[in-house]
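What follows is one structure encoded as structure tokens, with my remarks underneath.
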Amino acid sequence: MRLSNLADYAVVTMTAAARHCGGGRVSASELAAETGLPAPTVQKVVSKLTAAGLLRSVRGAKGGLQLARPAAAITVADIVEAIEGPIALTACVDGSAPDCGIEQNCAVRPHWPVVNQALRGALADIPLTQLAQDIPQRELA
């Protein structure tokens, strides 16, 4: 499984936003500068994350973006689902593949929800606070 670029950028953007927790609000252009992502891409991601209730936008002189809830209460699963929709490895599970040629005889189809839930559970076990922590250089080697 591979995340779309937009889902990847959403995780990167939310991680940058989490580093501003307690330090006030941050603009989308600041997030773009910090992450190295193009500003239009960050705007698109921010729009989806705000619609999903993960970011809050405040207008005015002291306006900007902030996490809509504590970073510890936001998971990678929340972010991915805000961009991609429900986590499902196959289209037959979410009903978007009505023309599957083996649907009537597929013995695996009933098991996909278990697989999908395991994947979602693994992503839900990673809070945003974990991603926002600095990793010592010796651990990267």
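Where a number appears in this text, it was derived from the coordinates with a stated rule and is not lab data. Keep in mind that what you see is a predicted model, and the values were worked out from it rather than measured. Neighbour counts are summed over all protein chains in view; Cβ atoms, including those assigned to glycine, are modelled from backbone coordinates with ideal geometry.
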If you fit an axis through the alpha-carbon atoms of helix 39-51 and take the longest principal axis of the Cα set of the chain, what angle between them do you get, 0 to 90°, nearest 10? 70 degrees
Note on the chain: contact order normalised by length, alpha-carbon pairs under 8 Å, 6 or more apart, percent, works out to 27 percent
Can you report the principal axis dimensions of the chain using only the alpha carbons, biggest first, rounded to whole angstrom? 60, 39, 25
Taking 0.36 nm per residue of separation and subtracting the Cα-Cα distance, what length does fully extending residue 106 through residue 134 add? 5.5 nm
In nm, give the distance between the simple-model label positions of residue 52 and residue 117, each being 7 Å from the Cα along the Cα-to-Cβ direction. 2.2 nm
How far apart, in nm, are two points set 7 Å out from the Cα along the Cα-to-Cβ line at residue 25 and at residue 84? 3.1 nm
Going highest first, how would you order 116-122, 73-79, 59-65 by mean Cβ packing within 10 Å? 73-79, 116-122, 59-65
C-alpha long axis of helix 5-18 to longest principal axis of the chain, angle in °: 40 degrees
Would you mind putting 82-89, 9-16 in packing order, based on average other-beta-carbon counts within 10 Å, highest first? 9-16, 82-89
If each DSSP helix of 4+ residues adds -39,500 (n - 2.57) and the sum is divided by the residues in the chain, what number results at 222 nm, nearest 500 deg cm²/dmol? -14000 deg cm²/dmol
